[in-house]
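What follows draws every value from the coordinates through simple rules; no lab data is involved. Since the structure is predicted, the reported quantities are computational estimates derived from the model, not experimental observations. Cβ sites come from the backbone with ideal geometry, for glycine too, and all protein chains shown count toward neighbours.
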Amino acid sequence: MIPDDAPVAAGLRAMPQVPNPPAAQAPRASALPTLAAFVSQVRRQRGRARRLSQVVSLASLLLVLGGCASYQARPLAERADSVRALRSLSVDTARIPLPRLAAQPIDLDRPLPMAAVAALAVLDNPSLRLARDRLGVAQAQAFAAGLLPDPRFSASRDVPRHSPGASTTAYSYGLDFDLGSLLTRPAAEAAARQHVRSVNLDLLWQEWQTASQAQLIYVRLAALHARRGLLLREQALVRRGLRRSNAAVTQGNLSRTDADAQLLRLQSLRQRLAADDRNRVDLQSRLHALLGLAPGVPLHLAGLPDIGPEAPAQARAALARVADIRPDLLALRAGYASQEQSLREAVLQQFPSISVGLSRARDTSDVNTVGFGLSFRLPLFNGSRGRIAVARATRRELRDAYQLRLDQTQAQVEQTLARLALLRRQQAALRADLPALRAAAASARQALADGSYTLQQAQSQQLALLDQRLALLDLREQQAEQSVALDLLTGAGLYRGASSASSASSASKPSAS
């Protein structure tokens, strides 16, 4: 049985195959070139995008490297760097933050007064050079404390391997920033600024101490020089008397005991001169080291300075405001203020530190995503409690250290003033006896010429006058030393107004080197 559609099917199979008309084949023939052009254009666009991305990456890298610091090696010195000529010392007193020393002229061709030696010590002392380097470190730390942390960038790329479902390479980019630093940055900056001020004031205090040490050595060297002149005069007098005594003993006009007594006094004078010479060499070595001079460089000093009667009054007036004058007390106050800010920073750090970020990613199935991230630290176990405890204990220690230094200053000033008053009374008593001793020595010389005095009697009067002068010189030296101590303790006299100069220099910024 033949189905109804058989004739139709048979007819269709029997029909000859007619080729497609040219108009129907044209679109298919032109589709291949169009697809190839599209693929080629896409490839060119991807190539341009890749080259543009490489250029941008290279430009970003060059920009980052352009802002980086460069490294240069600085080898250490192989020999000592002491100054071997007096004229090589720095004499620019305008750089000294102590007003009275800054106004002190320095003439290296003349004997140097005490203030000039103190100014040279502040300018050329090697230890102060090292202390100024520490100030530069503190300024650099303050500069670093004011910088914001850099954002963090992350990137990853995943290449599929033998994965049927993968159609493209996956990548992921991320950029995040810690917002917690914005919360603690003001306290950190304030702490760093106060630390720089503290270091700067410590440097000023070290300059005070260096100048005071130079003045003290100067006073002792000047006193040794003056005492040497008196001792040499006394030695010449004893030698002349000893020669006459030996001649008198030979002639039988004088006992040997009297001549031996003069010999013992001569030996005592020689021992005192030898001890002074050893002390002078030691003091000169210390002063050369203080000035950064090589040993053996000639250094001529002027005489012992006179101490005016106004020094105690100036010291008492300065003692009432010593907390606003002494650099070490101001440095302790600045250190306490810095610790206050460090404690504040530690308290702020107990709050959660929040970080925010943006991300851009594509997986292997060509799904593109843009995301936002948020992360924070939970203060459950630490919470900056340990740092807060340490900061509070350190603040308590600094407070007690400041109070102790203030109390010690008060006691030291009162003790120095009492010593200075005692020395002035003793000096007045010796000066009161000096005219009588001068008159007695003059009468003894006249009596020796008349023949009514023996040589030993006249010599005794002259030696008593020289001993009185030596005692007055010793009291003058001690008064000068106590005056130097008052300058250091109170800021009076030589250092008046020096603390005001420190506030201007404390705001200086770190310099690039």
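Summary table
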| read-out | value |
| --- | --- |
| Distance cut-off 19 Å, percentage of C-alpha pairs in the range 273-326 lying past it | 57 percent |
| Per-peptide average of other Cβ atoms within 10 Å, ordering 165-175, 477-487, 289-299, 458-468 highest first | 477-487, 458-468, 289-299, 165-175 |
| Å³ per residue enclosed by the Cα convex hull of the range 140-269 | 233 Å³ |
| Inter-label distance, nm, simple model (7 Å from Cα along the C-beta direction), residue 102/residue 155 | 5.4 nm |
| Relative contact order (%) - criterion: Cα under 8 Å, at least six apart; region: the range 184-302 | 32 percent |
| Charged-residue dipole, Cβ positions (Lys, Arg, Asp, Glu), the range 318-384 about Cα centre, Debye nearest 20 | 140 debye |
| Percentage of interatomic Cα-Cα distances in the range 355-400 larger than 12 Å | 75 percent |
| Net +/- balance of residues flanking residue 170 in space, Cβ distance below 10 Å, scoring K and R +1, D and E -1 | -1 |
| Protection-proxy order for peptides 410-421, 152-163, each taking the mean of Cβ atoms within 10 Å per residue, highest first | 410-421, 152-163 |
| Efficiency of FRET between residue 246 and residue 432 - r from beta-carbon atoms, R0 45 angstrom, step 0.05 | 0.75 |
| Radius of gyration, Dmax [the range 69-189; alpha carbons; angstrom] | 29.1, 97 |
| Modelled FRET efficiency - R0 51 Å, residue 348 with residue 90, Cβ distances, 0.05 increments | 0.65 |
| Two-decimal log10 I(q)/I(0) for the range 432-478, as the Debye equation yields it once each C-alpha is a single scatterer, q = 0.19, 0.28 Å⁻¹ | -0.57, -0.93 |
| Mean Cβ count within 10 Å, highest first, over the residues of peptides 271-278, 361-368 | 361-368, 271-278 |
| Full-extension gain in nm, residue 173 to residue 129, via 0.36 nm per residue minus C-alpha separation | 10.8 nm |
| Rg over Rh [alpha-carbon atoms, Kirkwood Rh] for the range 212-291 | 1.23 |
| Distance (nanometres) between label positions extended 7 Å along Cα→Cβ at residue 442 and residue 457 | 2.0 nm |
| Distance from the range 106-176 to the range 392-445 (C-alpha centre basis), Å | 48 Å |
| Rounded to the nearest 20 debye, dipole of the range 115-160 from Cβ charges on Lys, Arg, Asp, Glu | 20 debye |
| Area projected by the alpha carbon convex hull of the range 351-486, averaged over all directions, nm² | 19.8 nm² |
| Residue 233 paired with residue 302, simple spin-label distance in nm, labels 7 Å along Cα-to-beta-carbon | 2.2 nm |
| Hull-based mean projected area of the range 239-380, where the convex hull spans the alpha carbons, in square nanometres | 26.1 nm² |
| The range 212-256: radius of gyration over Cα atoms, expressed as a fraction of 2.2 N^0.38 Å | 1.96 |
| Positive-end residue of 177, 311, 196, charge dipole of the range 171-327 with Cβ unit charges | 311 |
| Calculated FRET value between residue 274 and residue 137, using beta carbons and R₀ = 45 Å, to 0.05 | 0.45 |
